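Peer 1: This is the structure I have questions about; it appears just below.
The values are calculated or read from the model by the stated rules, or taken from the named source; none is laboratory data. Keep in mind that what you see is a predicted model, and the values were worked out from it rather than measured. Here the Cβ positions follow ideal geometry from the backbone for every residue, glycine too, while neighbour counts run over all protein chains shown.
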Amino acid sequence: MPAKPAGPTPEEIYAAYPKKAGKGQALKAIKSALKRKDGADLLASVREFAEAVDGADKQFVPYPATWFNGDRWDDDRDVWRRMGRDGDHGKQEKAAERAAHGELATQAWAEVRKVFRVPMEDREAYRAAAAACPKDIRAIVEALGGFQKLKNTRDGFGEVNFRRAWEESLDARDGLNRKRAEEQRRLLGDGVPLPKLGLPPPG
């Protein structure tokens, strides 16, 4: 009687999973899953899941150990497809954020340059121009050493440093907003879409 063909190995199943993270724990979870699910069927489900979330942001894809320990191969396929759509939406949101942050950095730097155009010898006018600069922009300038230091930075690095600090402040603000949105989503259920992130300058 011919021997029964061997099924896929845990390594092969792990290789098919769309997120490569925590491999040791993942392999343990796969070995355990193989006691509950036929290997060929499990591999087919993993490939189906990978196709459903193909192109999605990996932050929306469960860690492999979580997926296998939770018997997620039994999930409704609509859940997988929604995960893929949300992941793609997340990528689009990030691209939009980067573009918006760049535009806001340009606008903020224009406000800084208004101060630069005032002669420093006219101390009263210079102080008034600096005070008129929006406080969130002024805070970043002060963190970088002040208007005078930025103005005297050579080879355009004053602008480079300002734009980087400004965009990092926006990234931090939007990262906090995204965490809050994710928490809301966990509380209300997977079917709740992430809210649009507002993009005004922090203040």
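Peer 1: If you check every pair at least six apart or on different chains, which have Cβ atoms under 9 Å apart with a residue in the range 117-144 that is touching a residue at least 24 places away in the same chain (Cβ under 8 Å) first and a residue that is among the acidic types (D, E) second?
Peer 2: Every condition considered, the pairs that remain are P134/E111; I137/E111.
Peer 1: Please pick out the residue among K19, K37 that is basic (K, R), without any contact (Cβ under 8 Å) to a residue 40 or more places away in the chain and not in a helix (DSSP H, G or I). Spell out how you get there, then give the answer.
Peer 2: Numbers: K19 fails: without any contact (Cβ under 8 Å) to a residue 40 or more places away in the chain.
Step by step, each of K19, K37 is checked, and only K37 is basic (K, R), without any contact (Cβ under 8 Å) to a residue 40 or more places away in the chain and not in a helix (DSSP H, G or I).
Peer 1: Can you pull out every residue in the range 116-145 that is under 31 Å from the mean Cα position of the chain (by Cα) and of a type outside the set (A, V, I, L, M)?
Peer 2: Let us first name the residues in the range 116-145 that are under 31 Å from the mean Cα position of the chain (by Cα), namely 133-145.
Result: C133, P134, K135, D136, R138, E142, G145.
Peer 1: Restricting to the range 20-42, give me the number of residues that are of a type outside the set (G, A, S) and either over 15 Å from N69 (Cα atoms) or more than 32 Å from the chain's Cα centre (by Cα) (or both). Break it down stepwise before answering.
Peer 2: Step one: of the range 20-42, the residues of a type outside the set (G, A, S) are 20, 23, 25, 27-28, 30-31, 34-38, 41-42.
This time we only want the ones that are either over 15 Å from N69 (Cα atoms) or more than 32 Å from the chain's Cα centre (by Cα) (or both), so: 20, 34-38, 41.
So the answer is 7.
Peer 1: Examine the range 170-183 for a residue that is modelled with pLDDT of 80 or more, loosely packed, with under 13 Cβ neighbours inside 10 Å and not aliphatic (A, V, I, L, M), and state whether such a residue exists. I'd like the intermediate steps shown before the answer.
Peer 2: Going residue by residue through the range 170-183, those that are modelled with pLDDT of 80 or more are none.
No, there is no match, as no residue in the range 170-183 is modelled with pLDDT of 80 or more, loosely packed, with under 13 Cβ neighbours inside 10 Å and not aliphatic (A, V, I, L, M).
Peer 1: Which of (1) closer than 19 Å to D76 by Cα; (2) touching a helix residue (DSSP H, G or I) at 6+ places or on another chain (Cβ under 7 Å); (3) exposed (fewer than 14 other Cβ atoms within 10 Å of the Cβ) is the odd one out, the single condition L43 does not satisfy?
Peer 2: Only one criterion in (1) closer than 19 Å to D76 by Cα; (2) touching a helix residue (DSSP H, G or I) at 6+ places or on another chain (Cβ under 7 Å); (3) exposed (fewer than 14 other Cβ atoms within 10 Å of the Cβ) is unmet by L43, namely (3).
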